[in-house]
1. Scan ALA196, ALA247, ALA278 and give me the residue that is modelled with pLDDT of 95 or more, in the same structural domain as GLU14 (by TED's automatic domain parsing) and small (Gly, Ala, Ser).
2. In this structure, is MET296 closer than 15 Å to LEU311 by Cα and not in a helix (DSSP H, G or I)?
3. On the given criteria, is LEU269 modelled with pLDDT of 95 or more, over 12 Å from LEU307 (Cα atoms) and either surrounded by 12 or more Cβ atoms within 10 Å (Cβ to Cβ) or of a type in the set (Ser, Thr, Tyr) (or both)?
4. Can you go through ARG116, ARG125 and tell me which one is loosely packed, with under 15 Cβ neighbours inside 10 Å and of a type in the set (D, E, K, R)?
5. Against the condition in contact with a His (Cβ under 7 Å, 6 or more places away or on another chain) and within 22 Å of ALA132 (Cα to Cα), how does LEU180 come out, does it pass?
Amino acid sequence: MITLSVVVPVRDGERFIADALASLCHNARHDFEFIVVDDGSVDATGDIIGDFAGDLPGLTVLRNPAPVGLADARNTGLSAATGRYVTFMDGDDWLAPGYLTRLVEAIDGLGCDFVRVDHVQVEGRKRVVHRAPLAWRGVVLDPRDAILPAGVRTMVDYPYAWAGIYRRSLRDLLHFPGSLHTAEDRPWIWRLHREAATFAVVSMAGLFYRRLVSGSLTQVGDERQLHFFDAFDLVFKDLEAEFLPKAVRNFCALLGHHLEIADRFTPALRARFEERGAQMVRGLPAELVAGSVARMSVEREATLRALVPDLPPTPHVRLRRDREET
């Protein structure tokens, strides 16, 4: 019986896929399976994966003739998974030796639906541990209780699918919206926390996440970035009223971030992005939007108010924030 399925989507990852697979070799067990989904790579990715066929026990390689995107590539791997648990790794990241065994021990010991963990962010030679935003560690909780409060960073602000381990019996809750080619993890994490029964966070940082990799979806500036709005349409769909202030704040903060780095867009795409952003902001409760932007930095608030000039002022929030900043 397979205990753990590891789903690894990759596209044109010849620079890093060998590091990723070598780290899986240092995590292999007879009851682990590794499902690598080559999402239409046109470089040497497929050949490099093939070189590991004899070295990585439990390796299965699935290939999409044409790219379908990260979400559907992950879904392809999920559909092939047979393990009691599932976790994810992207093709440009790597794992510490023994990390997967520790993940399994954590969820076995806690007996919950899913466990979330910390991770190590990598930029060149720099290594920084990023902690999941929950102080309670090793305690089984209701995932809905980790969505709020609206005004601080919570578990829905930590959407990384690879930062955790999940019972495969969660089934559809683990599948990603295949219509999205970026920001697919946002509706995914919201649905997981709204609909799963139990979860926990443990202090473990064994996944190394490469940031600022050229060609990654966080760096590209093409039309896929418009899927950010489609992703939040899914977040807001049928959302309970109690969670709406958090979702609005979450959306506004990320919209401000995207606008701050909008120089990566062509002028035409930037205009479309700003148009969709303004349209979506105006469709949200004005008082929640105004309250959200007033708690941001002065620069980010100015960016969002320039996008939607008719937002109502919120002087009482402004005064409170000014006191907090001093």
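1. The match here is ALA196.
2. yes
3. Spelling it out, it is not the case that LEU269 is modelled with pLDDT of 95 or more, over 12 Å from LEU307 (Cα atoms) and either surrounded by 12 or more Cβ atoms within 10 Å (Cβ to Cβ) or of a type in the set (Ser, Thr, Tyr) (or both).
4. Only one candidate passes the filter, namely ARG125.
5. No; evaluated as a whole, the condition is false for this residue.
The values are calculated or read from the model by the stated rules, or taken from the named source; none is laboratory data. Since we're looking at a predicted model, the values are computed, not measured. Note: ideal-geometry Cβ built from the backbone for every residue, glycine included; neighbour counts use all protein chains shown.
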